[in-house]
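Comments concern the structure below.
The values are calculated or read from the model by the stated rules, or taken from the named source; none is laboratory data. Since the structure is predicted, the reported quantities are computational estimates derived from the model, not experimental observations. We place every Cβ from the backbone using ideal geometry, glycine too, and count neighbours over all the protein chains shown. Note: areas computed on protein heavy atoms with side chains; ligands, DNA, RNA excluded. Shrake-Rupley method; radii C 1.70, N 1.55, O 1.52, S 1.80 Å.
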Amino acid sequence: MNLTKLNTEQQNPKTLNIDLMETEEIISVINQEDLLVPNAIAKEIPAISTVVDRIVQAFKEGGRLIYTGAGTSGRLGILDASECPPTYGTDPEMVIGIIAGGKEATTEAIEGAEDDNEQGKQDLVDIGLTEKDVVVGIAASGRTPYTIGALQYANELGAASVSVVCSKDSEMEKISAYTIAPIVGPEVVTGSTRMKAGTAQKLVLNMLTTASMIKIGKVYGNLMVDVQMTNEKLRKRAENIVKTATGASDEEAGTALAEQHNNTKAAILQIMTGLKGNEVLQLLEKHAGHLRDAVSAFHSSK
């Protein structure tokens, strides 16, 4: 393939002489180019929404969201996946990030790993991919063999296949069931897709997981009510969330969290309803973990 035909490999006419610019000029140009990213993503909102609904369906059926990619794209997938358990209390296996070259590739380049089509498939075999899962292949160019191999295997198995790319009419788009393609234009430094393309990918992945978590009841209002209290900062955040949601005092919030074994959502429901112990958990379970539904149902029954 002639790389120069790819959107992500073309020269940016605004930066042809960037090596002659003063520092502030360079930074200003980078900033101006970054401003193009949100508009490119806005055009993809219908596609992003469709994929979110498909992910939510997968979660409800016991499936997983699996990111796969090489280089920067793979690292962004791992980053997004790794932030779901502490933020939303998810099982670490619910959202998974896989990168060409394995864990070592998260911190250094593994030469040739992205060119291995078969390994893209094998890495999904190794985690036991099923038809219930959603596989999101991430590649700015839309032509990475490793990621294509993963998407092809997803199709073979009947899993939902999604491409997140920054090039028009890419090979990945042709083989995936769903495509999200923010076209951000040529990079400030030609081919350096860790810049605008990487920013676009990061924003899209944020949208996929955030919206999906909201839809499955991990958020009440705009509060992350399934936050895990794994350090002092998150412990304090959980206490603040309980107080914000209920108007409780420090003491009331602390007591409820202790009685509900640091389950933020359950502590909120306990304060809101006056229920105790397993009654709180049973009410949450009855409403699939949706706090608002549980509160509404309790008050409607009185």
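Of the helices (runs of 4 or more DSSP H) lying entirely inside the stretch 55-148, those containing at least 3 residues that are surrounded by 20 or more Cβ atoms within 10 Å (Cβ to Cβ) and at pLDDT 95 or above span 71-82, 117-126.
A search for C-beta distances below 7 Å between a residue of the stretch 43-67 that is in contact (Cβ under 8 Å) with a residue 12 or more places away in the chain and any residue that is hydroxyl-bearing (Ser, Thr, Tyr) and open to solvent by less than 40 Å² (accessible area, probe 1.4 Å), counting only pairs 6+ apart in sequence or on different chains, returns Ala47/Thr179; Val52/Ser212; Ile55/Ser212; Val56/Ser212; Phe59/Ser212.
Screening the candidates Ala297, Ala200, Ala267, Ala245 for the property of being under 30 Å from Val135 (Cα atoms) and hydrophobic (A, V, I, L, M, F, W, C) yields one hit, Ala200. When Lys302 is tested against (1) part of a loop (DSSP other than H, G, I, E, B); (2) farther than 19 Å from Cys84 by Cα; (3) in contact with a Phe, Trp or Tyr (Cβ under 9 Å, 6 or more places away or on another chain); (4) open to solvent by 50 Å² or more (accessible area, probe 1.4 Å), only condition (3) is not met. Within the stretch 182-201, being within 14 Å of Ala40 (Cβ to Cβ) and touching a Ser or Thr at 6+ places or on another chain (Cβ under 7 Å) holds for Glu187, Thr193, Ala197, Gly198, Gln201. Across the stretch 149-169, the qualifying residues are those that are under 14 Å from Ala47 (Cβ atoms) and in a loop (DSSP other than H, G, I, E, B), and the one among them that is most open to solvent (accessible area, probe 1.4 Å) is Lys168.
Do we find a residue being within 18 Å of Gly217 (Cβ to Cβ) and of a type in the set (A, V, I, L, M) anywhere in the stretch 62-74? Yes - at least one qualifying residue is present in the stretch 62-74. Taken over the stretch 241-281, the criterion of being over 25 Å from Asp91 (Cβ atoms) and not in a loop (DSSP other than H, G, I, E, B) is satisfied by Lys243, Thr244, Thr246, Asp250, Glu251, Glu252, Ala253, Gly254, Thr255, Ile271, Met272, Thr273. If the condition is being out of contact with any strand residue (DSSP E or B) (no Cβ under 6 Å at 6 or more places or on another chain) and either free of Cβ contacts under 8 Å to residues at least 12 places away in the same chain or among the hydrophobic types (A, V, I, L, M, F, W, C) (or both), then the stretch 87-101 contributes Asp91, Pro92, Met94, Ile99, Ala100.
Residue pairs whose Cβ atoms lie under 7 Å apart, sitting 6 or more positions apart in sequence or on different chains, and linking a residue in the stretch 201-229 that is assigned to a loop (DSSP other than H, G, I, E, B) to a partner that is aromatic (Phe, Trp, Tyr), are Ile216/Phe59; Lys218/Tyr88; Met224/Tyr88; Asp226/Tyr88.
Scanning the stretch 22-42 for residues that are more than 22 Å from Leu205 (Cβ to Cβ) and either open to solvent by 90 Å² or more (accessible area, probe 1.4 Å) or modelled with pLDDT under 95 (or both) yields Glu22, Thr23, Glu24, Glu25, Ile27, Gln32. For the stretch 243-276, filtered to residues that are touching a strand residue (DSSP E or B) at 6+ places or on another chain (Cβ under 9 Å) and open to solvent by less than 50 Å² (accessible area, probe 1.4 Å), the residue that is nearest to Gly289 (Cα to Cα) is Lys265.
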